[in-house]
Every structure is written in C-alpha cells, then in structure tokens.
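Undergrad: My questions all concern the structure below.
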Amino acid sequence: NYLKAMEEFQATGSEEALKTTINVDQGLAYVPQRLQSGLLPEALKESAQESDQGMVPVGVRFLIATIDVQKNAFVVQVHGVGAFFDLWLVDRFEIRKSERLDEDGERYWVNPGSYAEDWQLLVDQVLMRSYAIDDGSGRHMQIKAIACDSGGREGVTSNAYTFWRWLRDDCAHDNLHRRFHLVKGQPKKGAPRVWVSYPDSDRKDRKAGARGEIPVLNINSNVLKDQAAKMLERKESGGGKVTFPNWLPDKFYEELTAEQRTPKGWENPRNQRNESWDLLVYCISLCISQYIRIEQIDWEKPPGWASEWDRNDLIFQPVEGRRFSGDKKAPAVSLAKLAADLA
C-alpha cells in the first residue's frame with residue numbers, strides 16, 4: 001500500500017493515499033512530504049541577509065567551490081566556510097558557452113559528456129577564480145578546494161577523469177589537480193560518510209578510462225543530506241549555520257527543497273531541479289573529508305588557510321600577473337610592449 005501510494009504521489013502530487021496508509025496501516029501520524037525535511041523554500045528565503053554577489057562576508061575563513069555537471073552546463077556554487085563549520089553562499093553561476101565555434105563563428109553550448117576540452121573552461125572560470133573580501137581593502141581570497149560531480153550522463157565520468165589527468169600533467173598552472181576533487185554519490189546503508197577510492201578500468205564493470213590513479217571522493221548521500229538538512233534548520237551561528245544572500249532567485253530555494261526524506265532515503269518525488277541542494281551537500285562532504293578535516297580543526301590555532309583574514313594564506317592583494325595567493329611570480333613582460341615603449 002505504501003509503495004502504491006508513493007507512486008501516486010510521484011505521478012500526481014496527491015498525498016491522500018500516503019496519509020491513509022501511514023495512518024491506518026502503520027499506525028503513525030502523517031507528516032506532509034514537504035515538512036518531513038523541515039525545509040520550506042519561503043522560510044529559507046525569508047532568512048536571507050543583505051550581501052553583494054561575489055563578496056566574501058566577514059567570518060569566512062576559506063572558500064569551497066562545487067560543480068554540478070549538466071547536459072549543456074556546468075552549474076557552480078561558491079561557499080564561504082567559517083569557524084565551527086558555519087557556511088555562507090558567496091556566488092552561484094553557470095558556464096554554458098564553449099570555446100568551440102560553429103561555421104558562423106558562434107560559440108557552441110558546452111557538452112561535458114561529449115567534449116573533454118569543454119572541461120578546461122573550469123580552470124579560468126572556477127579554479128583560478130578569487131573573490132574580494134568585505135573589508136574595503138581590495139584584497140581577494142582564492143578558492144581553497146573544488147568538488148565536482150563525476151557521474152551522470154554518458155561520457156561525463158570519462159571526461160572528468162581526462163580533465164583531472166590534464167590538470168596533473170598538461171595544465172600550465174602547477175598542482176591544480178590537488179585542489180580539484182571528483183565526487184560520486186554512494187547511498188550505501190552503513191557506509192562511512194565519505195571515503196576516497198581509486199577506480200580501476202581493468203574491472204569489467206568500469207568503462208570510464210580510470211587506471212587506479214585518480215582519487216574519487218565517495219559520499220554517503222543519505223547521511224550527508226541528513227546533515228545538510230539539520231544545518232539548514234540551525235538558527236544560531238557557531239555550529240553549522242547556513243546563511244544565504246538576498247540576491248538569490250526563488251528557483252534557488254526551490255532546488256534546495258526539491259528532495260524529501262522518506263523511509264527509503266532522500267528522494268526527488270517530482271523530479272524537480274535540485275542543483276543547489278546537491279552542491280551544498282558536495283561542499284559539506286569535501287569539508288569533512290580528509291582534504292579539509294574541518295571537524296578536527298582547532299579554531300584557536302587553525303592552519304594558515306583557515307586563519308582570520310590578516311593572517312590567512314589564501315588572501316592576497318591582486319596585481320597584474322598574479323592570479324592567486326600562491327603565485328609569487330612577477331608579471332610577464334611583453335616584448336612587443338617593451339619595444340613600443342623604447343621607441
């Protein structure tokens with residue numbers, strides 16, 4: 001009866017059959033589907049605070065970018081992470097146009113499943129991106145780490161692995177692969193919250209071109225989504241509060257509440273867009289992983305990349321030729337400009 005009622009809800013949105021079977025067959029009080037997670041889009045929107053898009057709020061110690069791979073887009077969210085795991089939404093944007101040109105010179109839509117070269121757009125538009133901090137100093141904060149979806153449509157996993165290897169072996173910027181982490185949802189009952197594996201294409205069930213050298217961050221999505229839901233419900237700072245800016249559109253909050261908690265786990269009964277929800281979960285997953293270990297940070301003596309702004313290793317004063325805090329090189333010299341100046 002429950003399964004049939006759930007099918008009716010998924011098909012029509014009606015909860016009457018669900019209410020009946022839970023009340024009568026299970027002897028339990030029925031909680032409407034949208035309330036089971038405690039998340040309502042209008043309630044989350046009402047709590048938004050005034051902030052400029054792309055400005056790092058006071059309290060943020062480092063930035064985490066997360067990427068969802070769609071058929072014709074990379075959807076990107078940038079989260080600010082503060083002491084004791086408080087989060088702020090700093091930016092949200094989409095990468096839709098490729099560098100590939102059609103016969104009229106127009107740019108094609110990105111196609112992450114078919115064109116591995118489209119992934120290279122992520123270098124300038126995400127990995128090398130930095131954001132001004134909200135203190136009037138003009139200083140910027142670079143992104144500490146990136147979590148990117150590695151599954152989904154056909155071809156995406158293979159091209160994700162190809163891009164990771166390109167970052168390691170051929171990218172002009174050294175060591176970007178150390179900041180770029182591929183993630184994969186694994187809602188296995190009893191599994192750890194997060195763990196790292198190294199896929200091997202020698203196995204018969206692997207067709208993604210991995211050779212056991214690419215780390216993939218696996219996430220127990222049901223457990224991590226439970227944690228994300230509780231963080232969204234928190235009202236007090238200093239223990240995992242999530243703060244949203246007031247420039248986000250309504251669709252962001254609809255995506256954030258598209259999934260519901262059921263006895264079988266988190267589900268998207270109406271198959272609605274849920275990118276903002278998945279991207280928040282990726283951020284939380286990366287933060288608790290071995291790459292960040294936020295739950296082990298001593299906030300009285302944090303590492304340099306998680307320190308307050310005046311002592312933070314990821315904050316720098318932008319100058320020409322310097323893209324991020326680790327770049328100590330002098331600006332490149334243009335011989336043509338030099339010749340013109342001498343003339």
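Undergrad: Hey, among the residues in region 277-298 that are of a type in the set (S, T, N, Q) and open to solvent by 10 Å² or more (accessible area, probe 1.4 Å), which one's farthest from the chain's Cα centre (by Cα)?
TA: Once the filter is applied, the top-ranked residue is Gln296.
Undergrad: Here is a list of conditions, (1) of a type outside the set (Lys, Arg); (2) in contact with a Leu (Cβ under 9 Å, 6 or more places away or on another chain); (3) assigned to a helix (DSSP H, G or I), and Ile214 meets all of them except one; can you say which number that is?
TA: Single failed check for Ile214: (3).
Undergrad: Moving on to the next point. So, restricting to helices (runs of 4 or more DSSP H) that lie completely within region 1-118, which ones have at least 3 residues that are more than 29 Å from Ile288 (Cα to Cα)? Don't jump to the end; show me each part of the working.
TA: Working: elements: 2-12, 16-20, 33-36, 41-46.
Fully inside region 1-118 and qualifying: 2-12, 16-20.
Undergrad: Another question about this same structure. Report, by residue number, each residue of region 216-234 that is in contact with a Ser or Thr (Cβ under 7 Å, 6 or more places away or on another chain) and not polar (S, T, N, Q).
TA: Val216, Leu217, Ile219, Leu224, Ala229
Undergrad: May I ask you to list the residues in region 151-172 that are exposed (fewer than 15 other Cβ atoms within 10 Å of the Cβ) and either in a helix (DSSP H, G or I) or not small (Gly, Ala, Ser) (or both)?
TA: Arg153, Glu154, Asp169, Asp170
Undergrad: Then there's this: Quick check on region 237-276: of everything there that is farther than 18 Å from Asp86 by Cβ and in a strand (DSSP E or B), which residue is most open to solvent (accessible area, probe 1.4 Å)?
TA: Arg261
Undergrad: For region 173-208, what are the residues that are loosely packed, with under 14 Cβ neighbours inside 10 Å and either at pLDDT 90 or above or among the polar types (S, T, N, Q) (or both)?
TA: Those that are loosely packed, with under 14 Cβ neighbours inside 10 Å and either at pLDDT 90 or above or among the polar types (S, T, N, Q) (or both): Asp174, Asn175, Arg178, Pro192, Val196, Tyr198.
The values are calculated or read from the model by the stated rules, or taken from the named source; none is laboratory data. Worth saying up front: this structure is predicted, and the values here are computed from it rather than measured. Neighbour counts are summed over all protein chains in view; Cβ atoms, including those assigned to glycine, are modelled from backbone coordinates with ideal geometry. Just the protein is used for accessible areas: all its heavy atoms, side chains included, with ligands, DNA and RNA removed. Shrake-Rupley method; radii C 1.70, N 1.55, O 1.52, S 1.80 Å.
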